[in-house]
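**Student:** The structure's right below; bear with me while I get my questions together.
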Amino acid sequence: MTGNLEELELKDRLSLIESMIAEGRRKTERWSWTFVVWGVAYYIAIAWSVWGQSSLAWPVTMIAASVLTAVVGSRMRKGEPETTMGRALGAIWMAFGSSVFILMISLGVSGKLTDPHVAIAVIAAMLGSANLASSLILKWRAQFGCAVVWLATAVASCFVSETVLYALGVTAIFLCQIVFGVYAMILESRRRQRGAAHA
């Protein structure tokens, strides 16, 4: 009898874990537009800083992307229950965003951010860490692939020429921000269509 109760309890726990992981993926899919927004913001900042030769490109673009994310995000959260999984994933990305913002602004203002290899390596490593943590929590291979791409970009950034460096950075942004974001948006759209069809 005790064995049956323990087995039943174990099944209930596994079911709870599986439902939390599924909820976390749904949450990530719902917020997947942010991957695309930030990917586009990175492209705008890169283009503006290269062709516009402006030191304001990164701070202005990143602040604008932050404000856009905060405004749209606050509207999305209204009426939506907060879950432990949602808070955990949100904490990872808030920690990443805050850390990279503070670090890059400090390096920029201090004049110590003169080597693009360092900038790309730092940002890629931090994005790799955030994607890795999220992918491990969600058991999501696609996001794990993004983490691998970001971390490989961070390592390669330390060894390649500047021309290759920029190609790596632009490619990583495309794959891990734009492609992954669109992929997750498609998954969310399909899930909503299935839900509407079953309702």
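Laboratory data are not the source of any read-out in this text; all were calculated from the coordinates shown. Here the structure is a predicted model, which means the values were calculated and not measured. Note that each Cβ is placed from the backbone with ideal geometry, even for glycine, and that neighbours are counted across all protein chains shown.
**Student:** Considering the chain, what Rg and Dmax in Å follow from its alpha-carbon atoms?
**Tutor:** 19.5, 74
**Student:** When the convex hull of the Cα atoms of the range 52-103 is projected onto a plane and the area is averaged over all directions, what value comes out in nm²?
**Tutor:** That works out to 4.3 nm².
**Student:** Volume per residue, Å³, of the convex hull around the alpha-carbon atoms of the range 131-190?
**Tutor:** Enclosed volume per residue, from the Cα hull, is 59 Å³.
**Student:** Continuing with the same structure: With a cut-off of at most 14 other beta carbons within 10 Å, and DSSP calling the residue loop, which trypsin sites (Lys or Arg not before Pro) in the range 117-199 qualify? Please list them.
**Tutor:** LYS139
**Student:** While we're looking at this one, here's another question. In degrees between 0 and 90, to the nearest 10, how far off the longest principal axis of the chain does helix 57-77 point, with axes built from Cα atoms?
**Tutor:** The angle comes out near 20 degrees.
**Student:** Under a straight-distance cross-link criterion of Cα-Cα below 19 Å, which aspartates and glutamates are reachable from LYS11, leaving out those fewer than 8 residues away in the same chain?
**Tutor:** Output for LYS11: GLU23.
**Student:** What's the angle, to the nearest 10 degrees (0 to 90), between helix 180-198's Cα axis and the longest principal axis of the chain?
**Tutor:** 30
**Student:** What's the long-distance tail for the range 1-85, i.e. % of Cα pairs beyond 18 Å?
**Tutor:** Roughly 63 percent, once rounded to a whole number.
**Student:** Charges at C-beta only: +1 for Lys and Arg, -1 for Asp and Glu. How large is the resulting dipole of the chain about its Cα centre, in Debye rounded to 20?
**Tutor:** For the chain, the charge dipole is close to 520 debye.
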